[in-house]
Amino acid sequence: MKKLILDVDTGIDDAMALAYSTGTKEIELIGVVGTYGNVNISQAVQNSLNILGMIGKTDVPVYEGASHAMSKSSFTPSEAGKKIHGQNGVGGVDLPQAERTKENESGIDFIINSVKKYGKDLVIAATGSMTNLGIVLKNYPEMAKEIGQIVIMGGALTVPGNVSPFAEANISQDPEAAKLLFESETPIIMVGLDVTMRSILTQEDTQRWRKVSKAGKDYADMVDYYIHVHDETAPAINGCPLHDPAAIAAVIHPEFFDMLPLAMTVETEGPSVGRTIGITDKIREKAPNVKVCINVKERAVAEDMCNVMATLYANVK
Ligand code: BDR
Ligand code: CA
């Protein structure tokens, strides 16, 4: 069975991706690495530990990754991030404090050691900034050829960004790291706003979770917070986008998506900083390293995730 590492800035949709990935039979989650983004690094790590504890997955270790972008010396969560995910990143819900604590090994070393150990059997799903992967590539460039697959939630090819007309949030946190990743030979599936804004979860879905267990109710409280924020900021979608869960779906159900093979880069300066775009000189490349998800079967991600989560919630009280 393939092994999965989740590289997350645990806000609400990362929390859904965590549950989704632990509940699938197709892949084994071997570890979680925290990054900054929706919240700062220590909160992201604690949220991941709390979420895993809450769904009874206490055997999964959590590691601390980078605390800020490669070209910066610090990180402060944005007001927009606090609004979308709540001050604590999980919609203000008071989750039970996990008994397990973070690992001593750094998230960067854990990724490098896992690449060496599992090679092509390893998949990394990155649903926060690309900083950890950028640092790994600097320290261990062999990752590009040795790893099985990296799936990122990030970027936008056919639609505007969500933090600027050009940039999506995860790419915009560290455009240099994302550029390094795209321009390496790493096999990448890009799950960007092109498909995540078409993968919608509604309050009818979360309503069903409430009745199942305490974990189901806590998840419903978190996600309802996220849905209400989107009622204000994006009323047309009638629910919330499944950004990070869509990256998990692309790992286990690539058939949900239409993917465009394309050599990609990231703009790192000027008004369109953070834009993910094809490389003109490589437009005719036969087997580029990136596949960009440009369409998705409507409701496929929501339905699959909800099925997985219903079983998961039913097994924890
Ligand atoms: C991405 O940014 C973060 O706020 C979300 O968790 C998601 O990974 C969406 O642009
Ligand atoms: Ca995220």
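The values are calculated or read from the model by the stated rules, or taken from the named source; none is laboratory data. Please read all numbers here as calculations on a predicted model, not as lab measurements. Note that we place each Cβ from the backbone using ideal geometry, even for glycine, and neighbour counts take in every protein chain shown. When the accessible area is computed, the model is the full protein with side chains, heavy atoms only, and any ligands, DNA or RNA have been set aside. Shrake-Rupley method; radii C 1.70, N 1.55, O 1.52, S 1.80 Å.
Summary table below
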quantity	calculated
GNM result for the chain, Cα springs below 10 Å: residue of ALA236, ALA246, ALA169 fluctuating most strongly	ALA236
Interchain or long-range residues, amide H under 5 Å from VAL296's placed H	ASP258
Share of carbon and sulfur in the accessible heavy-atom surface of the chain [1.4 Å probe, %]	50 percent
For segment 2-314, size of Cβ-based charge dipole, Lys and Arg +1, Asp and Glu -1, in debye	400 debye
Additional length obtainable on full extension of the chain from VAL316 to HIS228, 0.36 nm per residue less Cα span	29.0 nm
Net +/- balance of residues flanking SER71 in space, Cβ distance below 15 Å, scoring K and R +1, D and E -1	-1
Loop-located trypsin sites (Lys or Arg not before Pro) in segment 67-126, at most 16 other Cβ atoms within 10 Å (DSSP)	LYS72, ARG100
Heavy-atom surface of the chain, accessible at 1.4 Å and reported per residue (Å²)	41 Å²
Relative contact order (%) - criterion: Cα under 8 Å, at least six apart; region: the chain	20 percent
Whole-Å distance, taken between Cα centres, linking segment 255-317 and segment 81-108	25 Å
Extension reserve of the LYS286-SER106 stretch, reckoned as 0.36 nm per residue once the Cα distance is removed	61.1 nm
Packing-based ranking, highest mean first, of 22-29, 237-244 given that Cβ atoms within 10 Å are counted	237-244, 22-29
Computed helical MRE - 222 nm, the chain, DSSP H runs ≥ 4 contributing -39500 (n - 2.57), nearest 500	-12000 deg cm²/dmol
